[in-house]
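Note sheet for the following structure.
Values quoted throughout were computed directly from the atomic coordinates according to the rules given, and no laboratory measurement underlies them. Computed from a predicted structure; not experimentally measured. Don't worry about glycine lacking a Cβ; one is built from the backbone with ideal geometry, like all the others, and counts go over all protein chains shown.
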């Protein structure tokens with residue numbers, strides 16, 4: 001029997017062998033269950049040395065106060081949406097996540113959605129399958145080297161989208177309040193205000209975090225600033241987009257189309273009006289996925305959780321201020 005116990009309160013992996021094997025290297029047993037609610041999660045995690053969550057939440061102060069000896073809270077991904085990180089820091093609990101496991105996959109996915117919009121792949125697919133053989137059903141199509149891509153956010157993933165877009169000869173703009181032109185002088189990218197990006201871009205790809213200031217910021221006012229020929233691509237977080245306003249803009253022809261890998265509600269409610277629009281491409285939050293990324297993710301969130309349980313500082317520490325309250329080697 002291992003020295004420590006880690007409770008995993010929800011998961012959607014077909015097997016947890018990779019997670020269990022990695023935790024075993026840190027003398028941790030895995031106790032996993034798809035809990036129906038947070039009360040059930042409290043019961044599972046009450047005496048655990050570490051807690052891992054995927055989507056179930058909120059992992060907030062109330063939940064943390066029910067934990068008797070928790071040394072770490074782990075998140076199985078990049079985002080920290082289910083976890084109240086400030087509450088964890090206040091209680092001296094390190095929070096770990098895996099910020100870099102799928103950068104290439106998401107960059108590839110964003111570029112794939114852009115290309116599908118640009119070349120009207122879904123339109124042509126539906127047309128040919130219905131018996132129509134006519135290139136004009138996809139008109140108009142523009143040469144990509146004459147188009148501009150606007151990246152909202154210019155962190156790690158959009159910096160990988162950038163060379164993919166430049167490979168097609170596109171002009172690239174970026175809007176990021178935390179990035180200056182001097183900081184990205186080695187990139188062939190122009191840093192501009194968000195409004196200017198909306199006005200100039202033929203394709204707009206979202207890569208910013210979901211915080212209070214960005215929730216629903218792609219709304220009617222934003223769509224009104226975009227070109228009527230422009231496309232919106234979202235591989236970041238669904239709630240960045242006001243979906244009601246997006247549907248209205250698409251139906252009114254205010255923008256040309258959208259490609260969404262993420263949604264406000266996941267899975268979305270049946271009968272979403274986005275399902276009925278021919279100028280929309282939808283995917284099931286798959287941008288992160290590859291065989292390699294999924295394996296790396298499971299190894300890393302288990303490793304970082306095990307490291308903290310054993311008193312070591314992990315690479316994926318999300319709240320470094322907690323080190324003022326807890327010592328990690």
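Brief remarks follow.
- Using alpha-carbon coordinates, inclination of helix 103-118 to the longest axis of the chain, degrees: 20 degrees
- Among 175, 118, 43: highest mean-square fluctuation, GNM of the chain, C-alpha pairs under 10 Å: 43
- Potential lengthening between residue 143 and residue 196 on full extension [0.36 nm per residue; Cα-Cα distance subtracted]: 16.9 nm
- For the chain: Kirkwood Rh in Å [reciprocal of mean 1/r, alpha carbons]: 21.4 Å
- Coordinate range of the alpha-carbon atoms in the range 213-329 per principal axis, descending: 58, 32, 25 Å.
- If the segment from residue 136 to residue 39 were pulled out straight at 0.36 nm per residue, it would be longer than the present Cα-Cα gap by 29.2 nm.
- Relative contact order of the chain, pairs being alpha-carbon contacts under 8 Å that are 6 or more residues apart, as %: 19 percent
- Pairs of Cα atoms farther than 20 Å apart, the range 93-175, %: 47 percent
- Shown here: the range 148-195, whose C-alpha atoms stretch 26, 22, 17 Å along the first, second and third principal axes, sorted largest to smallest.
- Over the C-alpha atoms of the range 1-141, the Rg to Rh ratio, Rh being the Kirkwood estimate, stands at 1.22.
- Once the Cα atoms are used to define both axes, helix 156-166 deviates from the longest principal axis of the chain by about 30 degrees.
- Nearest-0.05 FRET efficiency for residue 266 and residue 2, computed from C-beta distance (R0 45 Å): 0.85
- Percent of Cα-Cα distances greater than 16 Å, calculated over the range 1-52: 36 percent
- Residue of 228, 129, 69 that the Gaussian network model of the chain assigns the largest fluctuation, springs spanning Cα pairs under 10 Å: 129
- Adding -39500 (n - 2.57) for every DSSP H run of four residues or longer, then dividing by how many residues the chain holds, sets the calculated 222 nm ellipticity at -9000 deg cm²/dmol.
- Extension gain for the segment residue 18 to residue 286, taken as residue separation times 0.36 nm less the Cα-Cα distance, is 94.4 nm to one decimal.
- Computed P(r) (all Cα pairs; the range 158-289; 5 Å bins; percent): 2, 10, 20, 24, 21, 15, 7, 2, 1, 0
- Per-pair calculated FRET efficiency, R0 = 35 Å: residue 25 and residue 185 via Cβ, rounded to 0.05: 0.25
- Computed E for residue 86/residue 228 - FRET, C-beta separation, R0 35 angstrom, nearest 0.05: 0.25
- Proportion of all alpha-carbon pairs of the range 210-262 beyond 16 Å (%): 32 percent
- Rg over Rh, two decimals, the range 262-313 (C-alpha only, Kirkwood Rh): 1.25
- Between the range 134-148 and the range 40-117, the alpha-carbon center distance in angstrom: 41 Å
- The range 103-282: relative contact order as a whole-number percent, Cα under 8 Å and 6+ apart: 20 percent
- Rounded to whole Å, sorted largest first: equivalent-ellipsoid semi-axes of the range 34-83, Cα gyration tensor: 16, 12, 10
- Gaussian network model of the chain, Cα within-10 Å springs - most flexible of 195, 104, 261: 195
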